[in-house]
Amino acid sequence: MNLKKFAVSGLIVLAIVVAVCMYFSGTIVNITTPKIKLLSIKQGKLETTTTLTGTLVYTATKDITVEVPDESSITIRDSYVRAGSRVEEGDKLFDAELNGYASKLQTAQTEYADAVDALEEYERKNSSLTLSSRDEAYATAYTAWKAANRAVSSAKMTVRLKLSAQKLTWEDETTYPEGADDSLIAAIDTYWAALETKKTTDADFNRASRYGIDDTVWEYIQERESLSAKVTECEEKCLELQSEADRITVITAPSAGYITAINVKAGDSYDGTSAMYTMTTAEGVPSLQFDLTDVSRNISKGDTVTLSTTQYGTLTAKVTSIGYNSEGKRCAYVTVTEEIAEAYGSLYSLGQQSEITATMVSKSSTTSSLVPVSAIHGSGNDRYVFVIDTTSSTLSGKTMTVRKTSVTVAAEANGYAAVNEDLSYYKLAYMEDRSLEDGSTVMEYTK
């Protein structure tokens, strides 16, 4: 009985020892065997992504200088546009005020009132003097004759200045000098017209002069004309000031286009010696300019780019032209449409971004095995992968080993390599937890 109990106890102990040995044996194998993940390979065309960076630019711009009266300046009261604003001809851009206008206008109005008073007072003092129609005709003819003579002198001086500037001579004044440009021809036409007017006024004044005029009446007429001329001069000065103030109070767009830069703000003083703002010409458009200096891919007009926008995620657009920027760098240009501007919030918002990103995706023309770069070992022309070979036995079950297999890498992009060899029939080992050797036994990660 005791022997039987002893035998049973021995069997139990032996079973425990065997179980413990098997446990630790499995644990040791589990610890020492490399762990890998299995990777199935598919055939396909390698996609290459090219990232471009750029900025908003405006093509064909012009600086706009607003004319300000001599020795004057204006103060900007309000602005209705900002960089990126689209304007039409005549749109209001700024409100402004002519500095010192009120004081100048008051002085001009006072001078005008004084001139009117002087004329009225002179006529009152000479109210008893009666002018005949012949006297009036003489005065009118004389005034026209003087004006015609002044016009001839002024027109001839203009012609002489233009002749001198163009290094021409004018011996026959009945025709245009050879080589005269349009401005000289126009000046000569004005001179000839002044001569014709002078002929008429000469004849009128000669007829009026036959009858003579009383010295007292002539003195009165001359003084009256002088005072009347002063009234006209002061009136024109008031109107000129008013016109200047009206013109400068509301500053409008000279043409349709985009405002690209503004050099003044509310409260600033402006004297007309520099550009107030910059805008595009009729040919100018807002464009995204992408520098191609470090881009190896050949990019052409019509290629598709994907923009990472602020409002609507990704948006596709076309390359509208290839050119060079102000620094001589080759660039790709994408015209900014209303859709693109809206996707970034506005042209103004787009212009505030220091860098705009675009991507271009292309596929290779041939089909290859697409393998994650992390699954390929080696360098240069010595590249290889580890192919999984599986064997099964009754005692050990399924066993996986790796076989070193050379591959030819045609290209790499986006973390994948295009391999010339067809690996679609195999499973590869990758993401191994330690270095692998050809023929190594491996285990698959269980998690």
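Laboratory data are not the source of any read-out in this text; all were calculated from the coordinates shown. From a predicted model like this one, the values you see are computed outputs, not experimental measurements. Every residue, glycine among them, receives a Cβ derived from its backbone with ideal geometry; neighbour counts consider all protein chains shown.
General remarks:
- Qualifying trypsin sites (Lys or Arg not before Pro) in region 147-256, DSSP loop, other Cβ atoms within 10 Å at most 15: 167, 210
- Chymotrypsin sites (Phe, Trp or Tyr not before Pro) restricted to region 179-256 and DSSP loop, no more than 14 other C-beta within 10 Å: 211
- Mean residue ellipticity, 222 nm, helices only, the chain: the sum of -39500 (n - 2.57) across DSSP H runs of n ≥ 4, divided by residue count and rounded to 500, is -13000 deg cm²/dmol.
- Using the alpha-carbon positions of region 74-129, Rg (one decimal) and Dmax (whole number) come out as 22.2, 71 Å.
- Projecting the Cα positions of 90, 428, 102 onto the charge dipole of the chain (unit charges on Cβ atoms of Lys, Arg, Asp and Glu, taken about the Cα centre) puts 428 furthest along the positive direction.
- Rg [Å, one decimal], Dmax [Å, integer] - the chain, C-alpha atoms: 47.6, 180
- Under 18 Å from the Cα of residue 199 - lysines, other chains or at least 8 residues apart: 146, 156
- Over all projection directions, the Cα-based convex hull of region 101-247 averages an area of 12.7 nm².
- Distance cut-off 21 Å, percentage of C-alpha pairs in region 270-343 lying past it: 41 percent
- Axial C-alpha extent at least 20 Å, average Kyte-Doolittle at least 0.0 - helices from the chain (DSSP): 2-32
- For region 393-442, GluC sites (Glu not before Pro) meeting the loop criterion (DSSP other than H, G, I, E, B) and having at most 14 other Cβ atoms within 10 Å: 437.
- Note on residue 256/residue 314: beta-carbon distance plugged into 1/(1 + (r/R0)^6) with R0 of 41 Å gives a FRET efficiency of 0.85.
- A viscosity of 1.002 mPa s and a temperature of 20 °C, combined with the Kirkwood radius over Cα pairs in Stokes-Einstein, give a translational diffusion coefficient for region 205-296 of 107 µm²/s.
- Region 395-447-region 49-123 distance, computed between alpha-carbon centres (Å): 76 Å
- Where labels lie 7 Å past Cα in the beta-carbon direction, separation of residue 190 and residue 215 in nm: 4.1 nm
- Isotropically averaged projected area of region 216-267, using the convex hull of Cα atoms (one quarter of hull area), nm²: 6.1 nm²
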